[in-house]
Structures are given as structure tokens and as C-alpha cells.
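Visitor: Attaching a single structure in C-alpha cells format; questions to follow.
The values are calculated or read from the model by the stated rules, or taken from the named source; none is laboratory data. Predicted model only: the values in this text are computed from it and were never measured. In this analysis, Cβ positions are derived from the backbone assuming ideal geometry, glycine residues included, and neighbour counts consider all displayed protein chains. Only protein heavy atoms, including side chains, enter the accessible area calculation; ligands, DNA and RNA are left aside. Shrake-Rupley method; radii C 1.70, N 1.55, O 1.52, S 1.80 Å.
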Amino acid sequence: MRRAIHLLHDSKALARMIGVEAPCCSQVAMPTEGAMEAFASFVDGNPLSEGWLVDVDAPSSRIVSWSGTLAGELFEDEPRTWMRAGQDRFKRFLDEVAPALHTHGRTLCFRPHHRHVLGDVHASVRLLRERAADPFEVLLSPADMLAPSMLGTIEDHLVRMFAHLGPVAAGVLLADVRPAADTEETGLLEQCPLGQGVLPTALLRQLIADHLRPETPVIFLPGAHDAQRTTLGL
């Protein structure tokens with residue numbers, strides 16, 4: 001079975017192509033071949049802040065969102081996010097949105113990030129276990145879960161991510177990472193297309209074969225699609 005490959009597209013560009021003035025999401029994951037049916041709509045913003053909304057008219061019933069933070073900025077370092085305050089706020093958020101998701105037939109798929117409530121494998125697996133009856137999913141996105149301090153043991157972290165989340169993830173967003181000019185200051189890595197950063201692609205290829213279901217799609221960042229696919233042997 002040939003694995004489905006999707007690319008992230010800027011929704012503003014897609015909206016212009018079909019004559020829509022205001023896109024209802026930030027990005028859309030579209031297949032590279034076959035029926036042009038969106039796999040997921042990506043939305044920006046912080047779900048744990050006031051005024052965060054999702055447009056139910058998004059082009060996919062699967063909506064990908066960050067899990068959120070208690071910080072003032074989306075990727076700011078805020079330790080309270082991982083403590084009781086952050087966990088309680090996230091639980092209230094889940095309770096608030098679950099009924100609407102059920103009503104509108106939508107699924108909220110969380111994209112973990114190392115500075116957000118769902119910041120690691122343990123928190124992500126716990127969400128899926130404790131909220132199995134609700135329309136919540138997790139997108140495995142290793143590049144988002146890696147902090148600069150983890151690069152020295154990157155292989156161990158990748159193995160753990162794929163072993164625990166690979167079999168249960170709705171999909172896998174495969175971007176590469178590399179230190180940026182301001183990484184030391186911000187504590188954040190720069191993302192780039194696969195094969196242009198520091199991720200061990202041979203290990204990724206093996207982890208995909210070992211832990212992903214055949215039907216689990218892979219999503220690439222725009223640019224160098226053929227090269228990214230060849231890098232992984234897909």
C-alpha cells in the first residue's frame with residue numbers, strides 16, 4: 001500500500017484560487033495525488049486564550065490546532081503551562097468544545113509543542129486515553145516537540161515519539177529542524193523541509209516503517225516535495 005503524502009498549503013493562496021475573500025483557516029493539508037480532498041485544516045492561535053474560535057466551515061472535518069499555553073505569546077516560555085493551572089485550563093477547554101465538535105461532526109486534532117500543554121509524549125498519550133470518547137486526536141509532529149536541549153539525544157527522543165504516538169496518531173507532520181540565529185535567545189529551533197536540517201533521516205525512515213500504520217498519512221512542508229519523499233523512500 002502506497003502511503004498517502006500531503007503538503008501544507010497556505011489557505012490564503014487557496015482562497016484566492018477559488019474566489020474566497022477570507023479563508024477560514026491558516027493552512028490546509030492536501031494530498032499530492034488522487035482525489036483532492038483536504039486531510040486537515042490548520043488553525044492558528046492559542047486555544048487557552050480568550051476569544052479563540054474555530055470556523056466550522058473549514059474545508060476539512062479534521063481541524064488541527066495547538067493545545068495552547070498560559071503565556072502571553074504563543075511560543076513564549078511559561079512554566080505554569082505544564083503545572084496544575086495549565087492542566088486545569090486545558091481540561092475546561094476540552095469540556096467546553098467537545099459538545100460543539102460532536103454537534104457539527106468535527107474532530108479537533110492537537111499538534112503538540114514542547115512549550116504547550118501537550119508538550120511531550122506522555123501528555124499526548126494521556127489525552128487520547130482519558131478522552132477516548134470525545135472527538136480529539138493527536139498529530140505526531142516531532143519537529144514541534146524538540147527543544148534545543150534535546151538535540152544531543154535526538155535519536156532517543158524520536159524513537160520514543162514514534163513508538164508511543166506513531167500507532168495512534170491521526171497523521172505525521174514531518175518537518176526538519178535546525179538552530180537559528182536567535183535560538184540561544186528564544187529557545188526555539190527553526191523548521192525547514194525534511195533533509196535540510198539536523199534530523200537523522202535514515203532513522204526516520206526506519207521509525208515510519210516500524211511504527212506507522214499503512215493508512216497513516218505523512219504531511220510535508222511546502223517545497224522540495226519530491227526530494228522529501230525520496231529522502232524517506234516513500
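Visitor: Out of these labelled values of Cα extents along the principal axes in Å, [x] 42, 42, 35; [y] 55, 36, 34; [z] 74, 50, 41, which was calculated from the coordinates shown here?
Guide: The listed entry that was calculated here is [x].
Visitor: Please compute, for the alpha-carbon atoms of the range 51-95, the extent along each of the three principal axes and give them in descending order in Å.
Guide: The principal-axis extents, from largest down, are 35, 22, 17 Å.
Visitor: Still on this structure: Tell me the label-point distance for the pair Ala224, Ser149, using the 7 Å Cα-to-Cβ offset, in nm and rounded to one decimal.
Guide: 3.0 nm
Visitor: Let me ask you something else. For the charge dipole of the chain, defined by +1 on Lys and Arg C-beta atoms and -1 on Asp and Glu C-beta atoms about the Cα centroid, which residue among Gly171, Ser49, Ala209 has the Cα displaced farthest towards the positive pole?
Guide: Ala209
Visitor: Report the gain in length on full extension from Arg129 to Arg160: 0.36 nm times residue separation, minus Cα-Cα distance, nm rounded to one decimal. Don't jump to the answer; show the numbers that get you there.
Guide: Working: separation 31, 0.36 × 31 = 11.16 nm, distance 1.74 nm.
Residue separation times 0.36 nm, minus the Cα-Cα distance, leaves 9.4 nm.
Visitor: Which value, in Å², gives the accessible area per residue of the chain when a 1.4 Å probe is used on the protein heavy atoms?
Guide: I get 48 Å² per residue for the chain.
Visitor: Taking every DSSP beta bridge that has both residues in the chain, what percent is antiparallel when rounded to the nearest 5?
Guide: Here the antiparallel bridges make up roughly 40 percent for the chain.
Visitor: How many percent of the accessible area of the range 123-234 is carbon or sulfur, using a 1.4 Å probe? All intermediate terms of the calculation are to be shown ahead of the outcome.
Guide: On the way: 2480 of 4830 Å².
Percent of accessible area from carbon and sulfur atoms in the range 123-234: 51.
Visitor: In deg cm²/dmol, rounded to 500, what helix-only [θ] at 222 nm does the chain give when every DSSP H run of at least 4 residues adds -39500 (n - 2.57) and the total is split over its residues? Spell out each step's value before the answer.
Guide: Working: 8 runs with 78 residues, N = 234.
So the calculated ellipticity at 222 nm is -9500 deg cm²/dmol.
Visitor: In debye to the nearest 20, how big a dipole does the chain give about its Cα centre with +1 on each Lys and Arg Cβ and -1 on each Asp and Glu Cβ?
Guide: The calculation lands at about 700 debye.
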